[in-house]
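K.L.:
First, the structure itself, so that you have it in front of you.
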Amino acid sequence: MNLPPPTAHNSARYRIEDVSHTFPGTDIEALKNVSIDIKPGSFVSFIGPSGCGKSTLLNAMAGLLEPSDGKVLINGSPVGGPPEGVGIMFQKATLLPWRTTIENVLLPIELRDGAKAVKDRTDTALSIIETVGLKGFENAYPGELSGGMAQRAAICRMLITEPDVLLLDEPFGALDELTRERMDMELQSIALSRNATVVLVTHSIPEAVFLSDTVYAMSARPGRISEVIEVDLPRPRDMDTLNHPDFANYVGRVRNALNEGHGVNNGS
Ligand SMILES: Nc1ncnc2c1ncn2[C@@H]1O[C@H](COP(=O)(O)OP(=O)(O)OP(=O)(O)O)[C@@H](O)[C@H]1O
Ligand SMILES: [Mg+2]
């Protein structure tokens, strides 16, 4: 992919200190005593039952939600709003319907650096669009894209800003299996080449294991970290990783952790 070289310093590091969150005006306790330390350049996943607080946690990390208790720190400073160098992809692709794919992808550049900068970044945007398999749809409007295509366009819009940290909320949920595998490989290669820190929310156990250094299994509401699974598989990972003798073992450990957090024994 034709992305610029990695930034020389990537020390982005998140620390989540005893975070709990109850939505104001409700008694919905979405998170309870969550403490996590995310090292720079690492790839971590949150996995857990629907409604356990994964998006709430990610929104707190993105500075879009102030937790009712505890602290979220990035590089030692409290997150007070959307932090510099952090790219976010929401669970629902939020493309502007009146802008084409390429115009949506270049929107953050326009907002950050002004309309003049857009021309300089158009080739990069086209290259990213091609990487995710959307070549030919540069000038299509969101209404002409499928759900999975819109998700991929939203990924491009996040990558164009070259973030040091990627916060991804179920980015590939609407993709078919093969496209998803391809996107997983691309995501890994972007993360490795830029030494980016990636925080992924996913419902797929194999995807979490395949991509992550650390998988955080969460329990049903109020969301807590029920188990931390360190995935020690060699990188870069590829299709052979799926046949690595330890792969199934890690998948089994995450599955068991989810079953215990769920109070059932038939999968999540
Ligand atoms: N703005 C809000 N106001 C009140 N309650 C909310 C709000 N947003 C989320 N919740 C509640 O908080 C809990 C956690 O929601 P959250 O969206 O974080 O779950 P999730 O783990 O991302 O689920 P999913 O896997 O379905 O996306 C849920 O019970 C949800 O109903
Ligand atoms: Mg969610």
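K.L.:
Can you tell me how many residues in region 108-124 are in contact with a helix residue (DSSP H, G or I) (Cβ under 7 Å, 6 or more places away or on another chain), surrounded by fewer than 18 Cβ atoms within 10 Å (Cβ to Cβ) and within 18 Å of Leu166 (Cβ to Cβ)?
P.N.:
Qualifying residue count, region 108-124: 1.
K.L.:
Here's a check for you: in region 195-223, which residue that is within 26 Å of Asp18 (Cβ to Cβ) and more than 16 Å from ligand 2 (Cβ to nearest atom) is nearest to the chain's Cα centre (by Cα)?
P.N.:
Applying the filter and picking the extreme gives Val198.
K.L.:
Taking region 135-166 as the region of interest, how many residues are more than 29 Å from Ile38 (Cα to Cα), of a type outside the set (Lys, Arg) and not in a helix (DSSP H, G or I)?
P.N.:
Selection size over region 135-166: 8.
K.L.:
Being of a type in the set (Val, Ile, Thr) and either at pLDDT below 95 or part of a loop (DSSP other than H, G, I, E, B) (or both) is the filter here; which residues of region 199-224 pass it?
P.N.:
The one that is of a type in the set (Val, Ile, Thr) and either at pLDDT below 95 or part of a loop (DSSP other than H, G, I, E, B) (or both): Thr202.
K.L.:
Moving on. So, in region 110-134, how many residues would count as being assigned to a helix (DSSP H, G or I) and free of Cβ contacts under 8 Å to residues at least 24 places away in the same chain?
P.N.:
The number of residues fulfilling the criteria is 11.
K.L.:
Could you tell me which of the residues Gly148, Gly173, Gly114 is more than 16 Å from the chain's Cα centre (by Cα) and small (Gly, Ala, Ser)?
P.N.:
Answer to the check: Gly114.
K.L.:
With the checklist (1) over 20 Å from Thr197 (Cβ atoms); (2) at pLDDT below 95; (3) more than 18 Å from the chain's Cα centre (by Cα) in hand, flag the one item Thr101 doesn't pass.
P.N.:
(2)
K.L.:
Could you pull out every one of the strands (runs of 3 or more DSSP E) wholly within region 39-109 that has 1 or more residues that are within 13 Å of ligand 2 (Cβ to nearest atom)?
P.N.:
43-47, 86-89
K.L.:
I'm told Thr241 meets every condition in (1) more than 16 Å from ligand 1 (Cβ to nearest atom); (2) in contact with a Lys or Arg (Cβ under 7 Å, 6 or more places away or on another chain) except one. Can you identify the failing condition by its number?
P.N.:
(2) is the only condition that Thr241 fails.
The values are calculated or read from the model by the stated rules, or taken from the named source; none is laboratory data. Treat the numbers as computed from the prediction; the structure is a model and nothing was measured. Note: ideal-geometry Cβ built from the backbone for every residue, glycine included; neighbour counts use all protein chains shown.
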